[in-house]
1. So which strands (runs of 3 or more DSSP E) are wholly in the range 250-329 and hold at least 1 residues that are touching a residue at least 40 places away in the same chain (Cβ under 8 Å) and farther than 24 Å from Thr134 by Cα?
2. With respect to Thr160, determine if the residue is β-branched (Val, Ile, Thr), surrounded by fewer than 24 Cβ atoms within 10 Å (Cβ to Cβ), closer than 21 Å to Phe294 by Cα and in contact (Cβ under 8 Å) with a residue 60 or more places away in the chain.
3. Select from the range 497-518 the residues that are touching a helix residue (DSSP H, G or I) at 6+ places or on another chain (Cβ under 9 Å) and modelled with pLDDT of 85 or more and list them in ascending order.
4. Among Thr459, Thr467, Thr433, which is at pLDDT below 80 and assigned to a strand (DSSP E or B)?
5. Could you look through the range 272-308, keep only residues that are hydroxyl-bearing (Ser, Thr, Tyr) and at pLDDT 90 or above, and pick out the one that is farthest from His336 (Cα to Cα)?
6. One residue is enough: does the range 104-113 have a residue meeting the conditions within 29 Å of Arg245 (Cα to Cα), modelled with pLDDT under 80 and assigned to a loop (DSSP other than H, G, I, E, B)?
7. For the range 515-532, what are the residues that are acidic (Asp, Glu) and either assigned to a loop (DSSP other than H, G, I, E, B) or within 21 Å of Phe482 (Cα to Cα) (or both)?
8. Here's a check for you: in the range 188-211, which residue that is under 19 Å from Gly514 (Cβ atoms) and not in a helix (DSSP H, G or I) is nearest to the chain's Cα centre (by Cα)?
Amino acid sequence: MSPTAYAVHAFRNLHDVVAVGSEGAETLADLQADVTCLAAQLRPQSDVLVICSDRYRFAVALLACFRQGCTAVLAHTLKGAALAELMSARGIALCLHDGDGDADSLDVRAALHRSAAAPREVIPALPAELRLVTLSTSGSTGTPVFLDKSARQLLGEACTLARLFDAGDTRCVISTVPPRHIYGLLFGLLWPWQMGLAFVRDTPLLPGSILETARRFGADTLVAVPPHLAALASAPEFDASAVRRVFSSGAPLPSDCSRALTERYGWSVTEILGSTETGGFASRRAPDARFTPFPGAELSIDPTGTLCLRSPFLPSDTPLVTRDRVDLFADGSFTHHGRSDDIVKVGGTRVSLAAIERCARALPGVRDAAGLSVDVGGARGIEVWLVIAGDGWDAASMRQALSSSLDLLALPRRYRFVEQLPCDAAGKLPRATLQALFSVPPSSAAAQARRDFDIEAATPHTTPNGTRLLVDIHVPADLIYFQGHFDGDPILPGVVQLQVLVAGQAQRAWPDLGAPREARRLKFTRPIRPDDLLRVSLTRGTDSPRVDFEITASGEACACGTLVFATKGDAS
């Protein structure tokens, strides 16, 4: 029988540390004081949009909503017109944030007034059917879908995870997935709290920064998604001794990536299968192994081979027909063969996009691949198009290589080649973003898949301590990185600024620099938008692995910080 109420955490001592990070550690006493303070400023039983980027402040906002009987609405995007539309459509009057806001928002940093006399009330257990959060997911089409989660669903799943993946000698959890996504919320915040473990409040993205942050704050469990793990598998070897346990979800983890992580770091990655709609419902510990359902999950398959799921984390006892294609075995385990929406009919023949992607990934130099089906109308009807992240290929050679493994009808008709797939923060590939890659013709010389930045000038200057490089860059309006980020209010993602504008230019200027290992003192102070004229200033000391950078637009600061790179001969 399910409990009638659920505890949010398992901490018992007011001095227990609940969060650590670059902005300091927080104890249970700090958390309770902050939650009490913020809750007093919320209107009871209202919907509140929560978009805090700092994981601790996000947790404070979330628990303050719970205390007041409010529902925390979590958006799949962070800025722009999409948030305004969400607030209007859902009738949300207040947004809790820890960055730029407007008249309908409250900055959590300014709202917290901690003092020695601040009340430290216990955070109560929550009624099972209390609606805690409304999750916004972009799905596969980019159209937002809203899903409510009760305490029974959300905290009940966190309790199950705590039983399945007990603390052992785990001390602290670090996550590369923002908590506004169900996987980042559960594994990066609620699951560790159910075991009385601290979490890292920062959300690092670069491979070196992930492992350095883990080492610095004693995080021994890493929660990530396949694109982040693939970057760790292919980057120069870093000191990963702090991390002993790794989870992955959001998309299938390629077998070769999983094996590379084992060979390089000794990690055995635990894959979690689930979705925003279903919650997590199965896991496995080895690539290509069968999945084992979570306790309480009852699986069956319909005549088409599609998984039907009954789970205590669903809103009702009615089995949910998923889009997962599985083979179910007598012991309850199952193999996963992708999703039913990965199967398309081309010329009357069933074609698997997942199978095409696997064939492409098996080719030398291919880091990743993503296929999509497009209805082009007329006699052709459905076509398969393929996006490749890799080196040394063009459309003709890729088609020839795939023809040895795929039937003629299954061969993709169009190809685009990119340095990396345009995943969102949850490791997913929005269909609109993939399809937008094909709106710009490929270069005849390099078969590029996107309109790139326009580099107008690059001027080096010798300084007493090294070199300073000034790069003038125009940001075209049809830059692919704007697709889906965000509709109606395009903003250049911070990770693109770091990887392309800073790291890319630095590695061109100084070929001895390897992959970025760590990001320090990052500040993003102004959005970069279409048609901006940028000046990227890169300063490097003689033979130093550090590059200090500043990005300005028409003299106005956009971003600054330091990237630390691996160099030739670097053993770590």
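The values are calculated or read from the model by the stated rules, or taken from the named source; none is laboratory data. Because the structure is predicted, anything quoted here is derived from the model rather than measured. All Cβ positions, glycine included, derive from the backbone under ideal geometry; neighbour counts span all protein chains shown.
1. On the way: elements: 269-275, 279-284, 298-301, 306-310, 320-328.
Counting at least 1 such residues, we get 269-275, 279-284.
2. Details: β-branched (Val, Ile, Thr): yes; surrounded by fewer than 24 Cβ atoms within 10 Å (Cβ to Cβ): yes; closer than 21 Å to Phe294 by Cα: yes; in contact (Cβ under 8 Å) with a residue 60 or more places away in the chain: yes.
Yes: the conditions hold for Thr160.
3. To start, the set of residues in the range 497-518 that are touching a helix residue (DSSP H, G or I) at 6+ places or on another chain (Cβ under 9 Å) comprises 500, 513-518.
Those that are touching a helix residue (DSSP H, G or I) at 6+ places or on another chain (Cβ under 9 Å) and modelled with pLDDT of 85 or more: Val500, Leu513.
4. Details: Thr467 fails: at pLDDT below 80; Thr433 fails: assigned to a strand (DSSP E or B).
So the residue among Thr459, Thr467, Thr433 that is at pLDDT below 80 and assigned to a strand (DSSP E or B) is Thr459.
5. Filtering the range 272-308 down to residues hydroxyl-bearing (Ser, Thr, Tyr) leaves 275-276, 278, 283, 292, 300, 304, 306.
The next check asks that each one be at pLDDT 90 or above; those that pass are 278, 283, 292, 300.
Details: Thr278: 15, Ser283: 11, Thr292: 11, Ser300: 13 Å.
Taking the candidates together, the pick is Thr278.
6. Scanning the range 104-113 turns up no residue that is within 29 Å of Arg245 (Cα to Cα), modelled with pLDDT under 80 and assigned to a loop (DSSP other than H, G, I, E, B).
7. Let us first name the residues in the range 515-532 that are acidic (Asp, Glu), namely 518, 531-532.
Across the range 515-532, the qualifying residues are Asp531, Asp532.
8. Here the residue is Leu205.
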